[in-house]
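Peer 1: Can you read through this structure? Questions will come right after.
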Amino acid sequence: MNLRTRKTVITCLLCMFAASLFAQEVPLLGNIYGRQYQSLNGKWNYVIDPLENGYYDYRLMPFEKTGFFENKKATSPDDLVEYNLDTSPIMDIPSDWNSKDERLYVYEGTVWFKKDFHVTRKPGVRHILYFGAINYESKVWVNGKKAGDHVGGYTPFNFDVTDLLTDGHNFVVVKVDNKRSKDGVPTLNMDWWNYGGITRDVMLAEVPETYIEDYLVQLDKNNKGTITGWVKLNAALEGETVTVEIPELKIKTQLVTSSDGKASFQVKAKPVLWSPENPKLYEVTVARGSELLADQIGFRTIETRGPEVILNGKRVFLRGISIHEEAPFREGRAWSVEDARTLLTWAKEMGCNYVRLAHYPHNELMVREAEKMGLMVWSEIPVYWTISWENEETYRNAERQLHDMIYRDRNRCAVVIWSIANETPHGDARDNFLRNLSLYARSMDNTRLISMAMEVTAAQNYVNRLEDNMNEYVDIVSFNQYVGWYRATVEECKLMKWEIPYNKPVVISEFGGSALQGLHGDKTERFTEEYQEEPYKENLKMLDQIEQLAGLSPWILMDFKSPRRQLPNIQDFYNRKGVISKWGIKKKAFYVMRDFYQYKEEQFR
Ligand code: GCB
């Protein structure tokens, strides 16, 4: 063993020793669904704790040893224990609590969750507790001992809990707090429901002591005849052999890790390229010893050329629609494959080849389904409206969410755009914040396009001019605009001129209007389907005049819950800008979009 190898082995042993003493957050496991895991979805007990009495004592000092995380039981009739997680009500996880318990409909605060589970301990096996997402802040204990904390409601995280587990019965307790805060990401104010809870899958993964932490397999950005990527182990071990196989392309390549535990590769290949017309995915396996990860991966290139978006070397029009992670046919958050399929099938029926997943990273299954169905994806972080631009902690939080979004989905060829913000106010502090985010995104992934939803909220003498210092830092110029709904009249659409002084593709990230599905009347009567149809018709004519127009994602596929939307009998806490109702009924505007996309498809054929 040479000196360098010896040094890395020692570092590694020290890391393993440290890890064996306590639980810790570890880098996210790539491809969680391709691993060996036990699902911890299902029945969890919960306790509503508005005063956080399970966490703080009466002097508001956090409990160190006692607290609801202890999951204590009275052991004698005179024992005083003022909670009982076992006999508390039960909630199905994943879910948002707002739609599960009337008392929690508009609740913002702490809820405790507890789940019992069984583990068979085996030598050489580590256990990683993985949460797809918890909104917004969470603290996790296993068998009464701290596993870790997390902030941010829409990205996954995981802890190595091996040394907290016992052979046989175990329990996990999670304190979830969805209180909004000024310095949070998102901040206090937003136009969607602040669903609280453990909103995505929970898994306990089993990995060997040294395991494949993550990998990347993609088409070379500059060479369609080459597949490139890397495999990374959790330990900085040199000389380890890993294998990447793509049987259908007759690729089997053995790699050897360097001292950082990473091995890169490049192989010649001529894959059938993934596209909306042919969303071809290849079976890919990444293996080391007995550990094998299976994935389905597609290959494509995406770039811009002047005002054009180019997919696999060919100009494409992004026929899109915006979507919130809101469940179809029931109240609450969407989280399952079925939810994803329903929403995305509607988008396909409209003629889409692209979806804008707003305003935060959606669950991984949604992105995977979009990929299978041939839908390109815009993925976004909740840097929304007016967040605390000058606060460093807020920046770190946003950057962490951006990192985790890219990290989770960088093997998904369907994702073509990373969006760093939505409708943010101009100013130096904001420019600085977003510039840093954009540079960070590019440093993590230079194979995709970067954008953000800018805005145009006024016109002078009917001239709408988009000016934003962030132009330099995006590949696609996107903006939201609501002519005919929030400003000007539908008739004025005809008079509007658009000046976008940038030689880049323009994608209109939002436009639209509201209608209560089934409410009919004159086209001058707000909230009727006829009224909603008009801005759609007129905006499409108006926007199609924009020279650099390369795509659209009107607002929005389906009605969604929002506390901002108060109008009784019309809104009832729903933003009604959906072109489909919550119950799957299409409004008139849906068909306007479908016709337009038919025309665009023909135009770009
Ligand atoms: C917007 C926002 C979106 C809102 C929408 C609306 O510009 O980006 O989050 O829901 O307008 O309905 O007002």
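The values are calculated or read from the model by the stated rules, or taken from the named source; none is laboratory data. Every value quoted in this text rests on a predicted model; they were computed, and no experiment measured them. Every residue, glycine as well, gets a Cβ built from its backbone with ideal geometry; the counts of neighbours run over all protein chains shown. Surface accessibility is based on the protein's heavy atoms, side chains included, excluding ligands, DNA and RNA. Shrake-Rupley method; radii C 1.70, N 1.55, O 1.52, S 1.80 Å.
Peer 1: Sort T228, T110, T345 by heavy-atom solvent-accessible area, probe 1.4 angstrom, most to least. Working shown, then result.
Peer 2: Working: T228 30, T110 0, T345 55 Å².
Heavy-atom accessible area, descending, gives T345, T228, T110.
Peer 1: Hey, another quick one. I'd like the antiparallel share, as a percent to the nearest 5, of DSSP beta bridges with both residues in the chain. Walk me through the numbers before you get to the answer.
Peer 2: Values: 92 of 125 bridges.
Expressed as a percentage, antiparallel bridges in the chain total about 75.
Peer 1: Of Y591, Y597, which has the most accessible area and how do the rest follow, probe 1.4 Å? Don't skip to the answer; put the middle values down first.
Peer 2: Values: Y591 95, Y597 0 Å².
Largest accessible area first, the residues go Y591, Y597.
Peer 1: Going by amide H atoms built from the backbone, whose H comes under 5 Å of the H on E213, apart from near neighbours?
Peer 2: So E213 has HN proximity to K232, L233, N234.
Peer 1: How large is ³J(HN,Hα), in whole Hz, for each residue of region 227-233 in order, when computed from phi with the Karplus curve 6.51 cos²θ - 1.76 cosθ + 1.60 and θ = phi - 60°, using x for Gly and Pro?
Peer 2: Couplings: 9, 10, x, 7, 10, 10, 8 Hz.
Peer 1: Let me ask another. Along the positive direction of the dipole of region 527-605 (beta-carbon charges: Lys, Arg +1; Asp, Glu -1; about the Cα centre), which of Q566, S581, Q603 reaches farthest?
Peer 2: Q566
Peer 1: Name the long-range amide H neighbours of R333: under 5 Å, sequence gap of 5 or more, or other chain; modelled H, no Pro or chain starts.
Peer 2: Long-range HN contacts for R333: D96, A327.
Peer 1: Mind checking the full-extension length gain between Y56 and Y599? Use 0.36 nm per residue of separation minus the Cα-Cα distance, one decimal, nm. Don't skip to the answer; put the middle values down first.
Peer 2: On the way: separation 543, 0.36 × 543 = 195.48 nm, distance 6.10 nm.
Fully extending the segment from Y56 to Y599 adds 189.4 nm.
Peer 1: Once the cut-off is 24 Å, how many percent of the Cα-Cα pairs in region 45-189 end up in the long-distance tail?
Peer 2: Working: 3604 of 10440 pairs.
Value for region 45-189 (Cα pairs over 24 Å): 35 percent.
Peer 1: Over region 439-493, what number does the Rg to Rh ratio reach, with both radii from the alpha-carbon atoms and Rh per Kirkwood? Provide the component values of the computation, followed by the final result.
Peer 2: Numbers: Rg = 14.8 Å, Rh = 13.1 Å.
Radius of gyration over Kirkwood radius for region 439-493 works out to 1.13.
Peer 1: If you place +1 on the Cβ of every Lys and Arg and -1 on the Cβ of every Asp and Glu, how big does the dipole about the Cα centre of the chain come out, in debye to the nearest 20?
Peer 2: On the way: 76 positive and 84 negative charges, 304 e Å.
Result for the chain is approximately 1460 debye, rounded to the nearest 20.
Peer 1: Residues in region 370-389, backbone N under 18 Å from the label point at D183 (7 Å along the Cα-to-beta-carbon vector): list them, ranges by number please.
Peer 2: 383-384, 386-389
Peer 1: Translational diffusion coefficient of region 464-507 at 4 °C, 1.567 mPa s, Stokes-Einstein with Kirkwood Rh over Cα pairs, in µm²/s as a whole number.
Peer 2: Answer, rounded: 110 µm²/s.
Peer 1: Something else now. Collect residues whose amide H, placed 1.01 Å from N in the peptide plane, falls under 5 Å from the amide H of R126; neighbours closer than 5 in sequence don't count.
Peer 2: So R126 has HN proximity to V207, E209.
Peer 1: While we're looking at this one, here's another question. In terms of Cα to Cα distance under 12 Å, which aspartates and glutamates are near enough to K139, apart from those fewer than 8 places away along the same chain?
Peer 2: Excluding near neighbours in sequence, the set is E25, D149, D177.
Peer 1: I would also like to ask the following. Cα to Cα, under 19 Å, and not fewer than 8 places away if on the same chain: which aspartates and glutamates meet these conditions relative to K523?
Peer 2: E491, E492, E533, E534, E538
Peer 1: Also, I was wondering about something else. Of all alpha-carbon pairs in the chain, indicate the percentage at a distance above 33 angstrom. Walk me through the numbers on the way to the answer.
Peer 2: On the way: 86709 of 182710 pairs.
Roughly 47 percent, once rounded to a whole number.
Peer 1: Stokes-Einstein D for region 425-517 at 20 °C, 1.002 mPa s, Kirkwood Rh over Cα pairs, in µm²/s? Spell out each step's value before the answer.
Peer 2: Numbers: Rh = 14.7 Å.
Value of D from the Cα-based Kirkwood radius: 146 µm²/s.
Peer 1: Just by accessible area at a 1.4 angstrom probe, what is the order of S259, S451, S39 from largest to smallest? List each step's numbers first, then the result.
Peer 2: Working: S259 35, S451 0, S39 60 Å².
Sorted descending by solvent-accessible area, the residues read S39, S259, S451.
Peer 1: Rank T187, F511, L365 by how far each Cα sits towards the positive end of the charge dipole of the chain (+1 on Lys, Arg Cβ; -1 on Asp, Glu Cβ) and give me just the farthest.
Peer 2: The Cα lying farthest towards the positive end belongs to L365.
Peer 1: To one decimal place, what orientation-averaged projected area in nm² is obtained for the convex hull of the Cα set of region 350-452? Could the numbers behind the result be given before it?
Peer 2: On the way: hull surface 25.7 nm².
Projected over every direction and averaged, the Cα hull of region 350-452 covers 6.4 nm².
Peer 1: Which is farthest toward the positive dipole end of the chain among F117, V316, S76, measuring Cα position about the Cα centre, with Cβ charges +1 (Lys, Arg) and -1 (Asp, Glu)?
Peer 2: With unit charges placed on the Cβ atoms, the residue in question is V316.
Peer 1: For the residue pair A458 and K270, what label-to-label distance in nm results when each label sits 7 Å from Cα along the Cα-to-beta-carbon direction?
Peer 2: With each label point 7 Å from Cα toward Cβ, the separation is 5.9 nm.
Peer 1: Ignoring ligands, DNA and RNA, what percent of the accessible area of the chain is carbon or sulfur (1.4 Å)? Numbers along the way, then the final one.
Peer 2: Working: 12330 of 24530 Å².
Of all accessible area on the chain, carbon and sulfur atoms account for 50 percent.
Peer 1: Continuing with this model, one more query. How large is ³J(HN,Hα) for each residue in region 520-530, as worked out from phi by the Karplus curve 6.51 cos²θ - 1.76 cosθ + 1.60 (θ = phi - 60°), to whole Hz, x for Gly and Pro?
Peer 2: 10, x, 6, 6, 9, 9, 3, 6, 7, 5, 5
Peer 1: Alpha carbon centre of region 374-425 versus region 559-600: separation in Å?
Peer 2: Spelled out, the Cα-based centre of one part sits 25 Å from the other.
Peer 1: Quickly work out the R315-to-D572 label distance, labels modelled 7 Å from Cα along the C-beta direction, and quote it in nm with one decimal.
Peer 2: Inter-label distance under the simple model: 4.8 nm.
Peer 1: A follow-up question, please. Run lengths n ≥ 4 of DSSP H only: what is the helix-derived mean residue ellipticity at 222 nm for the chain, with -39500 (n - 2.57) per run over all residues, to the nearest 500? Intermediate results must be reported in sequence, preceding the final value.
Peer 2: Values: 7 runs with 109 residues, N = 605.
Value at 222 nm, helices only, nearest 500: -6000 deg cm²/dmol.
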